[in-house]
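> Just dropping this structure here.
The values are calculated or read from the model by the stated rules, or taken from the named source; none is laboratory data. Being a predicted model, the structure only gives us computed values, none of them experimental. Glycine also receives a Cβ, built like all others from the backbone with ideal geometry; neighbour counts cover every protein chain displayed. Note: areas computed on protein heavy atoms with side chains; ligands, DNA, RNA excluded. Shrake-Rupley method; radii C 1.70, N 1.55, O 1.52, S 1.80 Å.
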Amino acid sequence: MLLHDIMKGYECTYIHQSNPTIKDISADSRQIKSAHVFVALLGYALDGHAFIEQAIKKGACAIIAQKNSISPHIQDIVRENNIACVGVDNPRHCLAYICRQFYGAGLKKNIAITGTNGKTSINSFIYAILTAHEKRCARIGTIDIRYADTVCPAKLTTPDTVSIHKYCTLFKQQECEYLVIEASSHALDQYRLDGLSFDVAAFTNLTLEHSDYHPSMAHYFAAKSRLFLELMHKKSGTAIVNIDDAYGKCLVDSLNQAGLACLRVGEGGNVYATQIKDSDLGQHLRVHYVPDEGKAEQEEVFIPLIGDFQRQNILITIACLLALKEMSFQEIVSYIPSLKGARGRFDCIGTYNAARVFIDYAHTPDALETVLKVLRKYCKNRLHIVFGCGGDRDKSKRPLMGSIAQKYCDVIYVTDDNPRNEEAAHIRAEILQASGDRAIEYGDRKVAIEKAMAALDTDDILLVAGKGHETGQIIHTITYPFDDYKIIQNRIDNPQ
């Protein structure tokens, strides 16, 4: 494909005019080969414009960069070597645009989930139901990337723009028709998803997270809102919004003003639940579907998962599948009893000393409190917790999470999460200042988990929080093998 073809229709300025044949696209100069386009991005830590010359030496036939950031030195090099050089106002947006032009659009139906909590569970539930209904489906999310019989590890909740489009190419080669993807606020703010159009977009909730990246909650919400107001199909797309969340109600107002279709989930909405009866194994309830036009429907169902938040995740899942218009309400509900929780999301690993042990990814104050509220409700004896906080992230949440642990738990083990480049002891100290006198400190996470399990008694519950599905612990810049699951399962298999 020629450069002019992939840039067709995009507002730009040619610093040096040339029309080479393009073989591939990259924003990573290390990946550049002959006949590649290099897109220079201003990153969180590095500026891609500093690597333009390196990309040219590696064979780049075209450069796309910030219009006012192309130095005279680079302009001389592209002219001397007859390399196309294009200036644009927003290289990140341009990258998404040319990826769509070069690789093609997404799948037949694209579904995205955004929000602070619940994205991974809903992604997992939608994928499971579509697959059970014999629909060829692919998913991209925090835990993994799945399509056909292939499972790939995930590095980010939402991959970079080029990777997303290359995955979509693989999905289409495997005849997948449905894509379910988690949309992080970083990805939306950085235009990683702008090359796709979404048929269904779901909003779960919004609570404090990523304050190290977003300067305010308003900025955080604006990033999330882009999925609905800018990336969803204007005519055929449907938004799924949790109206039990205050930000969800604000989003519905924006959708109404824009004339976009919406299914509201929660009290007074299109999809909601009544007659809820809890048990240790799950929840019995009646699910109601009230379309804006047409006859209301209701079905009784058993959800094999405990917790209000899991019920909310299931209701959002049902609404997403209703919006696809591929299955009836009754068909969708019939699959609910067979669902399993996503790995690392409120996952009961087993029992030890007649006590239940859970793993959860909860690493924000709201997520931790949500999970602990549920466990406190079901706990017949003492509630124990092992947790820490990540380094180089939201420092303000550390005392908040310590305070939440003190409020709900009988025994608290403060340990390391992913310290990254911060002093681990300093992170623990910030948690401990609000954790009360029931808190015990163990820097070694393995030791903390083993000590907590050894202290369990009949009808206790232990929650190991923060890392969930992760299989590594980041200390400085090195990721060491570490898996909460393996440590817990080894102790269950080899009681002492």
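> If N494 passes every condition in (1) touching a residue at least 12 places away in the same chain (Cβ under 8 Å); (2) more than 21 Å from I427 (Cβ to Cβ) but one, which one does it miss?
The single condition N494 does not satisfy is (1).
> Continuing with the same structure: With respect to I129, determine if the residue is open to solvent by less than 20 Å² (accessible area, probe 1.4 Å) and out of contact with any strand residue (DSSP E or B) (no Cβ under 7 Å at 6 or more places or on another chain).
yes
> Residue by residue through the stretch 247-272, note down the ones that are outside any strand (DSSP E or B), over 21 Å from D189 (Cα atoms) and small (G, A, S).
G259, G266, G268, G269
> Condition first: touching a Lys or Arg at 6+ places or on another chain (Cβ under 9 Å) and either open to solvent by 10 Å² or more (accessible area, probe 1.4 Å) or of a type in the set (G, A, S) (or both). Now tell me which residues in the stretch 186-196 satisfy that.
Correct list: H186, D189, Q190, Y191, R192, D194, G195.
> So which pairs qualify, if the first residue must be in the stretch 45-65 and basic (K, R), the second must be open to solvent by 20 Å² or more (accessible area, probe 1.4 Å), the Cβ gap must be under 7 Å, and the two must be at least 6 apart or on different chains?
K58/K33
> Tell me the residue from K224, K135, K172 that is open to solvent by less than 20 Å² (accessible area, probe 1.4 Å), in contact (Cβ under 8 Å) with a residue 60 or more places away in the chain and basic (K, R), please.
Only one candidate passes the filter, namely K224.
> Of everything in the stretch 7-20, what is surrounded by fewer than 22 Cβ atoms within 10 Å (Cβ to Cβ) and in contact (Cβ under 8 Å) with a residue 24 or more places away in the chain? Give them in sequence order. Step through it out loud before you land on a result.
Of all residues in the stretch 7-20, those surrounded by fewer than 22 Cβ atoms within 10 Å (Cβ to Cβ) come to 8-20.
Across the stretch 7-20, the qualifying residues are K8, Y10, E11, C12, T13, Y14, I15, H16, Q17, S18, N19, P20.
> Give just the number: which of (1) crowded, with 20+ Cβ neighbours inside 10 Å; (2) in a loop (DSSP other than H, G, I, E, B); (3) at negative phi does D437 not satisfy?
Failing condition for D437: (1).
> With K249, K224 as the choices, which residue is under 23 Å from D292 (Cα atoms), among the basic types (K, R) and modelled with pLDDT of 95 or more?
K249
> Can you list the strands (runs of 3 or more DSSP E) lying wholly within the stretch 28-141 that have 2 or more residues being more than 29 Å from the chain's Cα centre (by Cα) and farther than 30 Å from I181 by Cα?
84-88
> Among the listed residues T458, T415, which satisfies the condition of being at pLDDT 95 or above and within 22 Å of F482 (Cα to Cα)? Full working, then the answer.
Details: T458 fails: within 22 Å of F482 (Cα to Cα).
Of the residues listed, the single one that is at pLDDT 95 or above and within 22 Å of F482 (Cα to Cα) is T415.
> Scan the stretch 142-156 for residues that are outside any loop (DSSP other than H, G, I, E, B), out of contact with any Leu (no Cβ under 9 Å at 6 or more places or on another chain) and open to solvent by less than 50 Å² (accessible area, probe 1.4 Å) and report the count.
Count: 3.
> Under the condition of being outside any helix (DSSP H, G or I) and touching a strand residue (DSSP E or B) at 6+ places or on another chain (Cβ under 7 Å), which residue from the stretch 302-327 is most open to solvent (accessible area, probe 1.4 Å)?
That would be F302.
> Would you point out the residue of the stretch 201-221, among those that are open to solvent by less than 10 Å² (accessible area, probe 1.4 Å) and free of Cβ contacts under 8 Å to residues at least 60 places away in the same chain, that is farthest from V180 (Cα to Cα)?
H214
> Within the group A455, A448, A465, which residue is under 17 Å from V411 (Cβ atoms), among the hydrophobic types (A, V, I, L, M, F, W, C) and open to solvent by 20 Å² or more (accessible area, probe 1.4 Å)?
After applying the criteria, what remains is A455.
> Filter the stretch 328-383 for residues that are assigned to a helix (DSSP H, G or I) and polar (S, T, N, Q); which is least open to solvent (accessible area, probe 1.4 Å)?
T370
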